[in-house]
Every structure is written in structure tokens, then in C-alpha cells.
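Structure first, commentary second.
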Amino acid sequence: MSLSSVMSVALSGLTVTSRAADIVSSNISNAMTDGYGVRQVSVTGQNLGNGGSGARVLGVLRIEDAALIGHRRRAEAEFAFGTTQGQHLNRLEGAIGIPDTPASLAARSAAFEAALTAAAASPHNQVRLAGAVDAAVALAGTINGISDGIQAQRLAADGAIARGIERFNGALGELATLNTRIRRDGGGATDVSGLLDAQARLVNDIAALVPLESRRDASGALQLYSADGEALLDGRAAVLGFSPVAVMTAESTLADGALSGLTLNGRALALDGPTAALAGGELAALFLQRDAWGPAAQRDIDAIARDLAARLDAAGIDPTRAAGQPGLFTDAGAVPDAATETGLAARLRVNAAVLPDQGGAHWRLRDGLGAAVPGPGGAAGLLQAQRDALAALRPTASGSFSATNRSFAGLVADHLSGVGMARQSAETRQSHAAARLDVLRNEELAQGVNTDSEMLQLLRIEKIFAANARVITAAQEMIDQLIRMGR
């Protein structure tokens, strides 16, 4: 081997070790960077001239466990689904309130029943009559507030869907742009690892919204599909379509066209049923909150409002009330009707006949809603009848409640119990999802940059670099010696 060949080989070694040092430095500096894939230099041998051989950098390999990352991303979607459901149930339970909270539905119900009992004990006492009317107004207001809270949650979910879809479409567009650069640069000597990192970060950002499956084609471009097989990024970026609303009422539904569905490249997607599109992530949970969980909660509070009104509307309780006239609790002034039960909880009002600020009088709670003049101050029959109607055991006509006979207080208690049990079940599932996600994240981190290993590799590179530099120095000294000898 000639001295020139020796120097060429050593120079190739310096080039390779210099590149390797750059890669190790990049790994160490990005040890905490989200989406960063560990780099390794791919080195191959090469012939130099007719004799010596050296080394050259074949490329930079980006190391990642695609299967593990896929599992972690799907776990993120599952956790986001559970989190959204848990938050919905927590807010619903908070709106209903725990029984020992004065403003809770149970406390308002108990306060109204107690106020009727107190008024029946002293029917001549105007203060107690006023207290019973006030308790009725407070009970109706609490039911109104629960209904308003449900619709506020549905409206918030609708807005969150719009923001999530905007973020999702934006990420798909950026991923498509990066694919173009990867196809352009991936076949040459350009290192596209940075582009792959950028794609990983973008996918991580939207992984919680929709469970995703990813793969790369022969050119290295990323392809994305939903877990149910919808193509989201395959040659071009898909576009999800959605239109948010400004107002949400109990009557607003997807079926009647008041709410927007979801489209993919203009094609409507089925959001319910056993093959619901894009199911399993935060986006699906938000649609369920808007279109299933929220309406179900509304039906239950509407059923409670209907039960309350029907108990005090029962025939024989108030003989002064004309046929077709509402009882103490009305549907915005009218008789509650099963055909228009949807949204009743929001419209529930106390009859104006007992409200002085609406032209009524407290004494009608004692003497009858249709009474023209006050009756005997000691008459307690109507007050007792209303109290007994609340305590009577009767089946619930609507909602998700069983047909078991129960008092109004029992109905309220069953309602809170059902929501509480659903919330506990959701929290249990969320806890399991969180534990699984934590395990997968730790496994992924364990396969990331190992700074100790990288530092050892840097020491090896330093020794190799020094050895190649020493070869060049020795060869230079030999050439210098030969020149001196020739003089």
C-alpha cells in the first residue's frame, strides 16, 4: 500500500468519525425532544485506487419501534376518550349536586317537601306559605339549571369538535407537505431524519383525537389511516368537514339537521352504530357527548320534571283547578305534555297563580290555584295532598329509569345514584387506560436516547479519530523523511 493510499484511507476514517460524532452529539442534545428518533450512522467499506480501502458514510438511520409507537398512540386515543367521558359525568354530577349541598336537586326536593309540611301545620301562616312557594321556585330553578348545564356541555363539545377538526386538518396538510420533501430528498444523500421527526411530532399531536394506523411507502412518505380503515393521508391529505353551531337546545339533534355531522372529503361519515367512523378517540367522545350522552342526561332530567309536575297535576288534588289548566308546576305556563317532554326541564315554571310578582298570591297554594278569594285560614287539605303526592309511590313514565314504584325523593336519589355509578365506571376505565398509556410511554422512552451509551460511543469515536489522525501524521512524517533523503 502506498503512502498516498494510507493517507486516503485515514482521511476517509476521519470523515466517517466526524460524521459519527455529529450524530452522537445530535442524539445527546435531543434526548428530551418529543418525536426525536435515535440516529445511527450506516458505514460501508470502499475501494480507494488500486490498493487501499477506506470507509464512507452510507447514510443515517433513524431508529424507532413503529409497533410500540402505534400502540402508544392508540392508548392515547383511548385515554382521551375516557377523559372526555369522565369530565362529562363529573360535570353532570356536579350540576345535580350531592345531597348535603343546599343547592343540590335532592336538597331542593327535600326543602320543598319540608316547606309543604310546615305550611300544612300552620296553614294560616303567610310566611310559611311564602316559604313553600319559594321552595317550589328554587326546585324548578335547580331543574332548569341542570338542563342548562347539559346543553352548555353539548355546546362546548360542538365547539371542541370544530377546534379538533381544524387542528387535525392542519396537521394532515403539514404532513402532506413534509411527504413531498421526503420524496424529493429521501432518494439522495440528504438526511431526512429531521423531516421524519417533524412528522412524528405532528402525528403525536393528533393521535389523541383519532386512533391512527401509520406506515411508509417505498419512497419513505407517511401514510395514515384511521383504525376503521378510512384513508386520512394516502398520496394526499384528506379533509374532514364540520360546521359548529352558535346555540344549543334540548331539541337540537343531528337527526333533524340542527347539528352538523362529519364528512371526509365531502362524504358523510356514520357516527353511530357498531361501525361508527373514527371511533375510540377524543373526537368520537365529543360527538357522543353532544349526540348521545347529553341527550340521554336531558331525557332523565326531563323525566324528573314531568314526574314532579304530574304528581301535583293529579286529578282530585286541587278541585278549584279547571280542566286543562296546569297545576303548581307548568311547562312555561302550559300543562306538561308527554308529546313535548323534550326540554321540559328547561321550561319548568311555578304556576303564576301563586307568584305575587306575576299577579298571583301565596294563599292559592293553600286554597287552590283556581280560587278567586282566600279560603279559611285553617284549611290544610290541599297542602297535605300536595305533600302526600310527592311521597306517593308511583312508576316513572319516561327517561332511563326502571318501572319501579318510587316517591319523588326516591326518583331524585336514583337519578343521582345512576350518574354517580356511571361516573365511577368511567373513572375506572380511565384509570386502566392511563396505566396502560404510562407503561407504553415508559417502554418508548426506554428505547429513546441513552445518554450513557451515547457518551461511551463518543469516547470510541474519539479514539478512532485519534488513531486515524495519528496515521496521517505518521505518513506525513515518512514523506518528509523521504524528501530529506532525496536531497
Any hit, region 296-307, residues being in contact with a Pro (Cβ under 8 Å, 6 or more places away or on another chain) and either within 16 Å of ASP158 (Cα to Cα) or assigned by TED's automatic domain parsing to the domain that holds ASN90 (or both)
yes
When region 124-168 is examined, which residues are found to be within 30 Å of LEU264 (Cβ to Cβ) and charged (D, E, K, R)?
ARG154, ASP158, ARG163, GLU166, ARG167
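Quick test for you: out of LEU224, LEU271, pick the one residue that is closer than 19 Å to GLY70 by Cα and out of contact with any Cys (no Cβ under 9 Å at 6 or more places or on another chain).
Of the residues listed, the single one that is closer than 19 Å to GLY70 by Cα and out of contact with any Cys (no Cβ under 9 Å at 6 or more places or on another chain) is LEU224.
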Residue identified as in contact with a helix residue (DSSP H, G or I) (Cβ under 6 Å, 6 or more places away or on another chain) and not in a helix (DSSP H, G or I) among VAL6, VAL24, VAL41:
VAL41
Can you list residue pairs whose Cβ atoms sit under 6 Å apart, with the first residue in region 459-487 being outside any helix (DSSP H, G or I) and the second being surrounded by 15 or more Cβ atoms within 10 Å (Cβ to Cβ)? Count only pairs 6 or more apart in sequence or on different chains.
none
The one condition in (1) surrounded by 15 or more Cβ atoms within 10 Å (Cβ to Cβ); (2) over 30 Å from ALA200 (Cβ atoms) that GLU462 fails to fulfil
(1)
Answer with yes or no whether LEU458 is more than 23 Å from SER8 (Cβ to Cβ), among the aliphatic types (A, V, I, L, M) and modelled with pLDDT under 95.
yes
Do we find a residue being under 17 Å from GLY164 (Cβ atoms) and either touching a residue at least 40 places away in the same chain (Cβ under 8 Å) or of a type in the set (D, E, K, R) (or both) anywhere in region 262-273?
yes
Would you point out which residue out of ARG387, ARG299, ARG349 is touching a Gly at 6+ places or on another chain (Cβ under 8 Å) and assigned to a helix (DSSP H, G or I)?
ARG299
What pairs come up if the first residue lies in region 335-356 and is on the phi < 0 side of the Ramachandran plot, the second is basic (Lys, Arg) and assigned to a helix (DSSP H, G or I), and their beta carbons are under 7 Å apart, counting only those six or more places apart or on different chains?
PRO336/ARG306; GLU341/ARG306; LEU344/ARG306; ALA353/ARG364; VAL354/ARG364
Which condition breaks for LEU172 when tested against (1) modelled with pLDDT of 95 or more; (2) in contact with a helix residue (DSSP H, G or I) (Cβ under 7 Å, 6 or more places away or on another chain); (3) surrounded by 19 or more Cβ atoms within 10 Å (Cβ to Cβ)?
(2)
Going by what's in this entry, would THR142 be described as within 17 Å of LEU416 (Cα to Cα) and among the polar types (S, T, N, Q)?
yes
Restricting to region 96-128, give me the number of residues that are surrounded by fewer than 22 Cβ atoms within 10 Å (Cβ to Cβ) and not in a helix (DSSP H, G or I).
11
Give me a count of the residues in region 228-244 that are crowded, with 16+ Cβ neighbours inside 10 Å and of a type in the set (Gly, Ala, Ser).
3
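Specify which of the listed residues (ALA385, ALA409) is surrounded by 13 or more Cβ atoms within 10 Å (Cβ to Cβ) and closer than 22 Å to ILE96 by Cα.
On the way: ALA385 fails: closer than 22 Å to ILE96 by Cα.
One residue alone meets the criteria, ALA409.
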From the option list GLY170, GLY159, GLY131, single residue qualifying as under 19 Å from the mean Cα position of the chain (by Cα), without any contact (Cβ under 8 Å) to a residue 24 or more places away in the chain, in the same structural domain as HIS88 (by TED's automatic domain parsing) and in a helix (DSSP H, G or I) is GLY170
Among the candidates GLY368, GLY360, which residue alone is surrounded by 13 or more Cβ atoms within 10 Å (Cβ to Cβ) and in contact with a Ser or Thr (Cβ under 9 Å, 6 or more places away or on another chain)?
GLY368
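The values are calculated or read from the model by the stated rules, or taken from the named source; none is laboratory data. As the structure is a computational prediction, the values presented were derived from the model and not from experiment. Note that each Cβ is placed from the backbone with ideal geometry, even for glycine, and that neighbours are counted across all protein chains shown.
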